[in-house]
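Structure first, commentary second.
The values are calculated or read from the model by the stated rules, or taken from the named source; none is laboratory data. All of these numbers come straight from a predicted model, not from anything done at the bench. All Cβ positions, glycine included, derive from the backbone under ideal geometry; neighbour counts span all protein chains shown. These accessible areas exclude ligands, DNA and RNA; they are computed on the full protein's heavy atoms, side chains included. Shrake-Rupley method; radii C 1.70, N 1.55, O 1.52, S 1.80 Å.
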Amino acid sequence: ENEKGDVFEFEFTRSGSDEISERISTFIKDSYARVGIVMKVKPIDWAAMSDILKGRSFDALTMAWSASAPESDPRQIFHSESIKEGGDNFAQWNCPAADKAIDGIRSTLAFEERAKVWREFQAVVHDEQPYTFIRVSPWLRFVKKSIGNVQMHKSGLEPWEFFRGAPAAAAGG
């Protein structure tokens with residue numbers, strides 16, 4: 001509570017059927033309670049989540065993001081332009097330094113230069129913390145020996161890189 005005796009209280013929205021979200025919300029609620037913060041958990045059906053997100057009608061919530069490629073475009077989630085008209089910047093994070101880095105990532109073709117801009121973007125995310133990143137799910141992957149060019153990336157496997165059997169160049173053709 002503050003000097004006036006007001007208790008800090010907020011609502012934490014989570015999927016009602018997700019065990020991981022339930023465990024996370026219980027942990028956070030219990031942790032906050034120890035320091036006098038009241039967190040009311042609001043479990044909802046996943047079908048209602050889209051309306052809650054687009055309407056920005058939440059105090060806090062838990063979501064899961066996953067990259068679809070080693071360099072997934074951060075514009076959809078983090079650029080200030082994605083705040084507009086129900087875009088996917090649900091945190092409504094408006095950071096000119098992040099916008100500049102995101103635009104740089106999208107327009108820089110040279111790998112080393114783009115990697116530098118990615119590091120700048122990641123530093124801004126670290127410093128500004130538009131999200132509290134809680135966990136990274138462990139993955140166990142099995143791939144048949146007949147599948148070639150299997151490489152592990154930070155985002156996982158990229159099936160579009162795979163080939164079956166001998167590649168055309170190795171097969172003489």
Simple spin-label estimate for E128 and S146 in nanometres, 7 Å along Cα-Cβ = 4.9 nm
Surrounding charge for R106, neighbours by C-beta under 13 angstrom, Lys/Arg +1, Asp/Glu -1, total -3
Three-way shape call for the stretch 3-63 based on the alpha-carbon gyration tensor, with the a/c threshold at 1.5 = oblate
In the stretch 64-130, carbon and sulfur make up what percent of the accessible area (probe 1.4 Å)?
-> 50 percent
Within the under-15-Å Cβ sphere about V41, not counting V41, Lys/Arg +1 and Asp/Glu -1 give a net charge of -3
Set K84/K116; K4/K54; K40/K116; K54/K100 screened for pairs whose C-alpha atoms are more than 30 Å apart | K4/K54; K40/K116
Summing Lys, Arg as +1 and Asp, Glu as -1, what charge do residues with Cβ under 11 Å from the Cβ of E9 carry, E9 excluded?
-> -3
tail above 23 Å in the computed P(r) of the stretch 17-138, as % of all Cα-Cα pairs, reads 42 percent
